[in-house]
1. Taking Gly157, is it at positive phi, part of a loop (DSSP other than H, G, I, E, B) and either without any contact (Cβ under 8 Å) to a residue 12 or more places away in the chain or surrounded by 23 or more Cβ atoms within 10 Å (Cβ to Cβ) (or both)?
2. Tell me, yes or no, whether segment 200-207 has at least one residue that is in the same structural domain as Val108 (by TED's automatic domain parsing), modelled with pLDDT of 95 or more and part of a loop (DSSP other than H, G, I, E, B).
3. Would you check if Gly188 is at pLDDT 95 or above, surrounded by 24 or more Cβ atoms within 10 Å (Cβ to Cβ), of a type outside the set (Lys, Arg) and part of a loop (DSSP other than H, G, I, E, B)?
4. Here are the criteria: (1) at positive phi; (2) in a strand (DSSP E or B). Tell me which single one Gly118 does not satisfy.
5. Here are Ala122, Ala96: which of them is more than 16 Å from Val68 (Cβ to Cβ), in the same structural domain as Ala259 (by TED's automatic domain parsing) and either crowded, with 17+ Cβ neighbours inside 10 Å or touching a Phe, Trp or Tyr at 6+ places or on another chain (Cβ under 6 Å) (or both)?
6. Pull up segment 346-378, narrow it to residues that are at pLDDT below 70 and in a loop (DSSP other than H, G, I, E, B), then point me to the one that is farthest from His233 (Cα to Cα).
7. Across segment 186-213, what is the total count of residues that are within 23 Å of Glu171 (Cβ to Cβ), in contact with a helix residue (DSSP H, G or I) (Cβ under 8 Å, 6 or more places away or on another chain) and in contact (Cβ under 8 Å) with a residue 60 or more places away in the chain?
8. Has segment 99-106 got at least one residue that is farther than 26 Å from Gly303 by Cα, in the same structural domain as Phe210 (by TED's automatic domain parsing) and either in contact with a strand residue (DSSP E or B) (Cβ under 9 Å, 6 or more places away or on another chain) or not in a helix (DSSP H, G or I) (or both)?
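The values are calculated or read from the model by the stated rules, or taken from the named source; none is laboratory data. Computed from a predicted model, the values in this text were never measured in an experiment. Note that we place each Cβ from the backbone using ideal geometry, even for glycine, and neighbour counts take in every protein chain shown.
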Amino acid sequence: MRITRRQFVTSYTAALAVTGLRKHRLRDSPSSSPSRVIIDTDPGVDDALALLLAMRSPELKIEGVTAVAGNVPLELTLPNALRMIEIAGRTDIPVAPGASGPLVRRLVTATYAHGENGLGGAVFPEPQTKPVAQPAAEFMRDRLRKYPGEVTLITIGPLTNIASAFNMDHELPHLARGLMMMGGSLSGGNITPAAEFNVYVDPEAARVVFQSGIPITMVGLDVTRRTTLTEEHVRTLAAAENPVSQAAAKIARNALQHAREQGFLVGPNMHDSLAVATFIDPSLVACKDYYIDVETAGELTAGETLGYSPNAGDLRRTPEKEKEAASKLTIRGSAPTLASTRTSPVIRDQYAPNAQVAFGVDSRRFFDLLIARLSGHG
């Protein structure tokens, strides 16, 4: 579903009234029943391994997989998602086709990182499973309304499908249990110095989601840069004789080779797998509360995620004055031009956190979980 810029602005303006962070638990205790999730994805090397991880994790009840254009076009991400469910023997999971492009922009892909087929050049048979006829946004709406308060959205691609669903039904953010996203960064980007790829591809969609009121956990480059795939990981996967581990090893081996051919000194990072693993085991990361907004107008910075912390602290103030100042924090826009009669604009005169942002990660435990599950030993 694509919308005009005017429709986006209207929807975004209406959403600005929502500022509070609705506190939530990512998952219940390990002994509870599996958590219902929908995985929105653009496979993608790390997406493919993340999907396999999710399907090998009994903690998750996967209500569906929705494909979106991102790392490669939709005509590749959709069959790649179908391939993964077949490899995992999980053809019971419905796969829905999503957006073929961003809300108001032209699609930018990442074939330079994922290869022309999205899987680092690893070739698998054409999938025999067919996607459901229902578009991704409608599929999400129906599942969220069927299980209010129970479904978490795990998003590991551009947020176009999520924003489209929220624009279609403004109650959905409050019907979802939460949103676990791989995307964004408070420490610089990976496609521009400012922007992380998933948010860069569709910054307008990301802004809709961050302003929607849905509880968000942002697993961005601040932590995913510390999850580099190695040859040792590939050897461990290859040594396990099951379809999932063999497929994961094939994709990972090709991804490492593709990275070397592109001149990278180290292997790819497992960005998306970390987001899935964090939902499975929240103790893998440490989080802080932030108010996150997304730059959509910058010529050089579109897609940048900006973090405002009401608890940042100011050594020049006493604790009492710091607490008082935190309640009055504002978000200020760029300095006005000479042609403007306004003073430097205050975009928001107050704000509250709208996301929990991961800033620390136990990389060793993450890979222990990922490789064990994909190998069939965990």
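1. Considered against the rule, which asks whether it is at positive phi, part of a loop (DSSP other than H, G, I, E, B) and either without any contact (Cβ under 8 Å) to a residue 12 or more places away in the chain or surrounded by 23 or more Cβ atoms within 10 Å (Cβ to Cβ) (or both), Gly157 comes out as no.
2. Yes, that holds for at least one residue.
3. No, not satisfied.
4. (2)
5. Details: Ala96 fails: more than 16 Å from Val68 (Cβ to Cβ).
Going through Ala122, Ala96 in turn, the sole match is Ala122.
6. Here the answer is Asp349.
7. The qualifying residues number 9.
8. Residues of segment 99-106 that are farther than 26 Å from Gly303 by Cα, as a first pass: none.
Within segment 99-106, not a single residue is farther than 26 Å from Gly303 by Cα, in the same structural domain as Phe210 (by TED's automatic domain parsing) and either in contact with a strand residue (DSSP E or B) (Cβ under 9 Å, 6 or more places away or on another chain) or not in a helix (DSSP H, G or I) (or both).
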